[in-house]
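The values are calculated or read from the model by the stated rules, or taken from the named source; none is laboratory data. Keep in mind that what you see is a predicted model, and the values were worked out from it rather than measured. Counting neighbours? That spans all protein chains shown, and the Cβs are built from the backbone with ideal geometry, glycine included.
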Amino acid sequence: MLTFQDLILKLSRYYADIRCVIGQPYNSEVGAGTFNPLTFLRSLGKKPWKVAYVEITRRPKDSRYAENPNRVQQYHQFQVILKPPPENPQEIYLNSLKYVGIDIEKHDVRFVEDDWESPTLGAWGLGWEVWLDGLEITQFTYFQQVGGIDLEVVPVELTYGLERIAMYIQNVDSIFDLQWAPGVTWGDIYRRFEYEYSVYNYEKSDVKLLTELFRRFEKDAESLLKEGILYPGYDFVIKMSHIFNLLDARGAISASERQAYILKVQRLASLAARIYLEAEGD
Amino acid sequence: MTDFLLELGVEELPPFEIYDIAHQMEMIFKEFLEENRIPFERINIYFTPRRIAVLITNLADTQEIWESEIVGPPAKIAFDADGNPTKALSGFLESRGLKLEDVFIEENRKGAYVKARMKGGGKSSIELLNAFLPGLLLKLKLTKSMRWNNSGARFLRPIRWVLCLLGKEVLPVEIGGLKAGNTTYGHRLKGNEKICVPEPRLYLKLLEERYVVADPVLRRETIRNKLHGICEERQLVWEEDDELLSEVVNLVEYPGVIAGSFPDKYLELPDAVTITAMKQHQRYFALRRLNGELSHYFITAIDNTEDLEREIGPNHEKVLRARLEDAEFYMHEDLKVPLESRVEELKKVVFREGIGSMFDKIERMKLLCEELRATNCNIRADLLYKALYLCKVDLTTLMIKDGKEFTKLEGIIGMEYALRQGKDEELARIIYDHVLPRFPGDELPLTQEGALISISDKIDNLFAFLKSGAQLSTSSDPFGLRRTLYAIFEIVKVKKIRFDFVKLAKKAAELLEVEIEDFNEFMEWAWKRLENYLEEKEGIRYDIVDSVIGARTNDLWEIIERARVLHQFYIENQKEFEEVVVGQKRAHNILQGVEPQAVSEELFEKDEERELHRVLNITEPMVREALEREEYQKALKYLRSLKPYIDRFFDMVFVMVDDLKLRANRLALLYEVRECFRLYCDFSKIVV
């Protein structure tokens with residue numbers, strides 16, 4: 001049985017073998033691996049960059065009190081960036097599935113049009129969701145724009161849904177039953193975490209505090225970025241995004257305010273992108 | 001004669017866009033061959049998600065030879081005083097590669113010109129293709145395109161290989177930065193090896209051996225037949241869904257088809273929810289039992305062979321189960337709260353920035369519905385108002401709010417939850433009716449109450465958009481304003497909802513405090529759209545609609561009916577129609593600046609005057625009465641009966657006589673005639 005940790009190790013090995021830097025999750029709450037500077041900033045400019053890493057991904061709105069077998073508010077992505085794009089990215093991707101033991105020849109694998117967009121990051125791209133027997137297991141995107149900047153060299157982003165792939169391989173019906181390591185399940189590690197964060201996300205988060213934090217982080221991000229202090233500044237942009245997600249899950253953001261919040265994050269993310277490019281000199 | 005084959009090997013193209021690209025390719029090649037006069041037998045276009053191919057059979061080796069006459073500069077500026085060629089002539093000769101002895105002078109309508117006969121054509125097809133193919137991608141119109149390498153080429157998705165053969169020969173062209181060869185690839189999973197294609201005619205066969213059905217028509221038929229086969233076997237019915245089938249055809253290279261099922265308990269979900277989960281997300285075909293009920297079976301195309309059904313099928317079932325599980329969770333949670341107690345929550349749901357909440361919107365819709373009620377009978381007021389307050393509450397449900405996938409089910413969820421909470425069936429239906437029609441060609445409200453709420457909702461939407469700065473005159477219609485207005489027209493037309501459009505719009509505008517200039521602009525825009533609408537949907541000439549608009553009525557239904565009947569007259573008897581119009585135009589011109597005045601019979605001099613006046617006095621009340629009874633055909637018939645009298649009047653009576661009294665009286669008579677016609681419409685606005 002391929003455990004969850006084996007899956008991570010194997011994918012890491014596979015991408016290390018094709019000369020990717022094996023990165024690590026970012027130490028701040030993110031809604032997707034794209035927020036990690038290893039993707040967001042390094043996708044910019046012409047410098048070649050190949051990286052692969054696990055991202056711990058927070059989606060407060062998917063909180064289900066550990067009761068839904070398919071939805072959790074924190075899960076794991078395996079994120080890959082290949083820049084410039086190789087001539088055979090689909091083949092590289094499909095081989096990685098074989099490498100972790102999926103006998104794709106005997107299954108129904110399809111690349112179904114799904115153009116990806118992240119309004120908060122001012123980013124979009126063309127690509128697909130990859131289906132394995134109807135299950136969406138990966139988002140596959142050719143970035144066209146990041147931080148509001150058109151990309152001259154187009155990176156390929158692969159985002160594997162690790163839990164989904166593991167459930168498929170292990171043939172279990174619930175995330176919580178996944179074998180993380182021999183004798184240890186996903187639920188052993190995260191069940192209480194899921195429950196308590198569901199309580200927090202839906203019931204206990206302090207809207208006043210969060211609203212205030214968003215405002216202050218915005219101020220800090222802006223002043224830092226304007227001084228050209230990139231990474232700390234960008235960190236506050238990441239935090240803004242997470243707080244926005246928390247407020248959104250709490251139902252504290254009306255449809256009209258929503259757009260304004262998104263634009264605030266987007267503006268500063270774009271600023272960070274420009275500053276990164278200036279320093280990189282291309 | 002040889003066959004030509006071009007195949008672009010691509011990463012999966014978006015399923016609907018493939019059709020468009022394929023069509024464009026066909027047109028581009030057709031144009032190329034016709035323009036260059038290269039005879040050929042047939043252009044075949046094949047495509048799958050991973051390739052687009054053009055196979056031209058029996059292409060001639062060379063283009064035809066033709067002779068054509070070309071015209072140069074006028075003779076008088078072609079030679080100088082000494083008879084030597086001028087710059088104008090030598091420039092012409094040079095540009096066409098001609099010598100002086102090749103040209104001659106000939107008269108045409110504009111005078112004497114230098115001319116030459118040129119021979120064209122005869123070039124080899126290879127040469128022409130080699131020059132044409134590299135620019136192929138630039139000729140395509142792409143909605144959303146990307147770059148993927150440093151060739152600068154753009155396409156929908158990356159191109160990974162190019163195969164290009166003329167007969168057995170590889171054409172040395174480069175497309176999208178890739179050199180053409182004679183190899184292709186088989187099915188990604190079943191036969192992904194390089195395949196050498198020795199000549200174009202073997203293309204389809206070689207691919208089929210590697211599990212690729214490149215002919216989309218064949219894939220479509222195969223999937224359809226298998227679908228029907230499974231249905232027959234299991235006593236099920238598939239309601240033909242052309243859109244979904246067209247999409248699925250381009251999601252597979254090999255048309256495998258398998259059936260699956262989900263637990264019966266999910267059949268308790270509203271059909272629309274279950275079908276959305278199958279169709280929208282998974283592109284599965286939903287099936288019904290012979291009695292019309294939704295069945296727990298589904299069919300899906302797989303891009304693999306059917307012998308793997310046992311491996312693949314259960315996984316598809318699992319995915320669908322998870323989706324349905326989500327939906328069931330939403331519904332279960334949602335039904336805990338009675339719809340009525342959600343009304344309060346609408347105060348927190350923002351309708352539009354700066355325009356207040358959904359609840360505010362409903363209050364406005366209520367006032368508009370009151371207005372509508374006044375002019376429509378058989379409206380059950382109690383049901384109307386009950387439904388009005390409940391029609392938007394599904395916006396507060398998890399299914400619509402959180403279930404990203406199910407948001408399109410607005411209205412349906414309201415209806416389904418109402419039924420599940422034991423509400424009156426009519427009430428539930430009105431809730432659903434109020435969102436209809438959602439798109440062109442969608443079903444229309446079944447109930448009159450639903451029609452009223454729908455109209456009030458839509459007109460409020462229009463002014464809300466205006467209020468938040470949407471532009472009316474843009475051609476692209478990004479906010480769907482035109483579509484919304486068309487929906488109102490459609491409901492009015494079919495459901496015969498009667499109301500003064502200007503009055504209702506004014507009320508809606510006032511409720512949102514829309515500036516008067518914006519309102520005026522709106523009305524102008526809306527009337528123009530009505531012209532477009534009737535022209536598009538009913539083929540009625542815009543000027544006929546224009547003539548009816550503003551003529552005595554602002555009732556949309558009446559305007560549409562009058563225009564229809566008038567158009568019918570135009571179709572049936574174009575000559576008479578035009579003569580009536582010309583007569584009215586003439587009257588209109590003479591009457592410029594004329595004030596109304598009583599006709600005095602004593603001042604009549606001629607029989608034609610007296611006669612016209614007598615007939616008019618009889619006819620006018622008849623026209624009025626017919627219009628009041630909404631018998632437009634009759635009204636028009638009466639008007640037409642006036643025509644001979646008017647014609648005789650114009651023939652025999654001179655209006656602009658010197659005697660001012662006489663002239664005024666004749667103008668007054670003409671004025672009355674025109675006013676009588678204007679009861680129906682302003683004929684002078686019609687173009688002849």
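Listed here are the residues, each with its yes/no results for (1) within 24 Å of B:V248 (Cβ to Cβ); (2) modelled with pLDDT under 95.
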| position | (1), (2) |
| --- | --- |
| A:Y93 | yes, no |
| A:V112 | yes, no |
| A:L132 | yes, no |
| A:E152 | no, yes |
| A:E157 | no, no |
| A:L178 | no, no |
Are any of the residues in segment B:381-393 among the charged types (D, E, K, R), under 24 Å from B:I497 (Cβ atoms) and at pLDDT 95 or above?
no
Would you call B:G229 surrounded by 15 or more Cβ atoms within 10 Å (Cβ to Cβ) and either modelled with pLDDT of 95 or more or on the phi < 0 side of the Ramachandran plot (or both)?
no
Only one of B:R188, B:R157 is assigned to a loop (DSSP other than H, G, I, E, B) and modelled with pLDDT of 95 or more; which?
B:R157
Is one or more of the residues making up segment B:317-327 out of contact with any strand residue (DSSP E or B) (no Cβ under 8 Å at 6 or more places or on another chain) and among the β-branched types (V, I, T)?
no
Among (1) facing chain B (nearest Cβ under 10 Å); (2) surrounded by fewer than 21 Cβ atoms within 10 Å (Cβ to Cβ); (3) closer than 21 Å to A:V30 by Cα, the one test that A:V112 misses
(3)
Subset of segment B:300-332 that is within 9 Å of chain A (Cβ to nearest Cβ) and in a loop (DSSP other than H, G, I, E, B) - its residue that is nearest to B:D271 (Cα to Cα):
B:D303
Go through segment B:112-138 and count every residue that is closer than 21 Å to B:P73 by Cα and at pLDDT 85 or above.
6
Quick check on segment A:82-104: of everything there that is surrounded by 15 or more Cβ atoms within 10 Å (Cβ to Cβ) and not aliphatic (A, V, I, L, M), which residue is farthest from the other protein chains (Cβ to nearest Cβ)?
A:S96
A:L121 more than 7 Å from chain B (Cβ to nearest Cβ), within 26 Å of B:E311 (Cα to Cα) and touching a Phe, Trp or Tyr at 6+ places or on another chain (Cβ under 7 Å):
no
With the condition kept exactly as written, say whether any residue in segment B:192-207 is at pLDDT 95 or above, assigned to a strand (DSSP E or B), within 14 Å of another protein chain (Cβ to nearest Cβ) and surrounded by fewer than 19 Cβ atoms within 10 Å (Cβ to Cβ).
no
Looking only at segment A:55-81, and only at residues there that are β-branched (V, I, T) and out of contact with any Gly (no Cβ under 8 Å at 6 or more places or on another chain), the one that is surrounded by the most Cβ atoms within 10 Å (Cβ to Cβ)
A:V80
For residues in segment B:290-299 being surrounded by fewer than 16 Cβ atoms within 10 Å (Cβ to Cβ) and under 34 Å from the mean Cα position of the chain (by Cα), which is farthest from the other protein chains (Cβ to nearest Cβ)?
B:G292
Does A:F4 satisfy being away from chain B (no Cβ under 14 Å), under 28 Å from A:M240 (Cα atoms), surrounded by 16 or more Cβ atoms within 10 Å (Cβ to Cβ) and touching a residue at least 60 places away in the same chain (Cβ under 8 Å)?
no
In segment B:343-365, residues that are away from chain A (no Cβ under 14 Å) and either touching a residue at least 24 places away in the same chain (Cβ under 8 Å) or in contact with a Pro (Cβ under 9 Å, 6 or more places away or on another chain) (or both) total 4
Taking only pairs six or more apart or across chains, which ones have beta-carbon atoms under 6 Å, a first residue in segment B:546-572 that is over 16 Å from B:F683 (Cβ atoms) and touching a residue at least 40 places away in the same chain (Cβ under 8 Å), and a second residue that is of a type in the set (F, W, Y) and crowded, with 18+ Cβ neighbours inside 10 Å?
B:N554/B:F501; B:L556/B:F501; B:E561/B:Y632
Among the residues that make up segment B:4-24, is at least one of them among the aromatic types (F, W, Y) and either more than 14 Å from chain A (Cβ to nearest Cβ) or touching a strand residue (DSSP E or B) at 6+ places or on another chain (Cβ under 7 Å) (or both)?
yes
Of the residues in segment A:139-192, those that are acidic (D, E), out of contact with any helix residue (DSSP H, G or I) (no Cβ under 8 Å at 6 or more places or on another chain) and not in a strand (DSSP E or B) number 2
Quick check: is even one residue across segment B:127-137 touching a residue at least 60 places away in the same chain (Cβ under 8 Å), over 21 Å from B:A22 (Cα atoms) and either touching a Lys or Arg at 6+ places or on another chain (Cβ under 6 Å) or not in a strand (DSSP E or B) (or both)?
yes
Collect the residues in segment B:257-282 that are modelled with pLDDT of 95 or more and within 16 Å of A:V109 (Cα to Cα), keeping them in residue-number order.
B:V257, B:I258
Do any residues in segment B:142-168 that are more than 30 Å from B:E127 (Cβ to Cβ) and within 10 Å of chain A (Cβ to nearest Cβ) have Cβ atoms under 6 Å from those of residues that are part of a loop (DSSP other than H, G, I, E, B) and acidic (D, E), where the two are at least six apart or on different chains, and which pairs are they?
B:R157/B:E11
Can you tell me how many residues within segment A:231-276 are under 20 Å from A:V146 (Cβ atoms), more than 14 Å from every other protein chain (Cβ to nearest Cβ) and β-branched (V, I, T)?
4
More than 27 Å from the chain's Cα centre (by Cα), closer than 29 Å to A:N68 by Cβ and more than 9 Å from chain A (Cβ to nearest Cβ), is that true of B:D271?
yes
Being surrounded by fewer than 21 Cβ atoms within 10 Å (Cβ to Cβ), on the phi < 0 side of the Ramachandran plot, more than 10 Å from chain B (Cβ to nearest Cβ) and of a type in the set (D, E) narrows A:E136, A:E152, A:E129 down to just A:E129
Assuming B:L244 fulfils every condition listed in (1) away from every other protein chain (no Cβ under 14 Å); (2) closer than 30 Å to B:G411 by Cα apart from one, which condition is it?
(1)
